[in-house]
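Where a number appears in this text, it was derived from the coordinates with a stated rule and is not lab data. Because the structure is predicted, anything quoted here is derived from the model rather than measured. Neighbour counts are summed over all protein chains in view; Cβ atoms, including those assigned to glycine, are modelled from backbone coordinates with ideal geometry.
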Amino acid sequence: MTTVPPPTATTRWRCTLCGNLTRFDVTRSSKVVEYVHLDLAGEPEVEEREVVSETIDSVRCRWCNAVDQIELVDRPGAGS
């Protein structure tokens, strides 16, 4: 399984097997720091969240279930 970079302002994902551009299942690993506030009843609420690091573990096409066929392509009009 190859690592797929995240899309940017000028790129997007595309499944090379079926051509899908819009539907993907993304599995991520994140390391976060959260400020959790507990009310008097003990119910937690996250009031602040900082993502320290995040990696994309896999991207799967929702249309054809391909995992190793996702690539980055240019977005239309990104260069203009």
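Of all residues in the range 7-48, which are within 13 Å of the chain's Cα centre (by Cα), β-branched (Val, Ile, Thr) and assigned to a strand (DSSP E or B)?
So in the range 7-48, the residues within 13 Å of the chain's Cα centre (by Cα) come out as 7-8, 12-13, 22-30.
Subsequent filtering for residues that are β-branched (Val, Ile, Thr) retains 8, 22, 26-27.
Selection gives 26, 27.
Close Cβ contacts (under 9 Å, 6 or more residues apart or on different chains) running from residues in the range 4-21 that are on the phi > 0 side of the Ramachandran plot to residues that are assigned to a loop (DSSP other than H, G, I, E, B) and surrounded by 13 or more Cβ atoms within 10 Å (Cβ to Cβ) comprise 19/63.
Would you please name the residue that is nearest to residue 20 (Cα to Cα), looking only at residues in the range 49-66 that are more than 9 Å from the chain's Cα centre (by Cα) and β-branched (Val, Ile, Thr)? Residue satisfying both the conditions and the ranking: 51.
Can you tell me which residue is farthest from residue 3 (Cα to Cα) among those in the range 49-80 that are free of Cβ contacts under 8 Å to residues at least 24 places away in the same chain and in a strand (DSSP E or B)?
Step one: list which residues in the range 49-80 are free of Cβ contacts under 8 Å to residues at least 24 places away in the same chain, which gives 49-53, 65, 76-77, 80.
Okay, now just the ones that are also in a strand (DSSP E or B), so 49-53.
Details: 49: 26, 50: 24, 51: 20, 52: 19, 53: 16 Å.
So the residue we want is 49.
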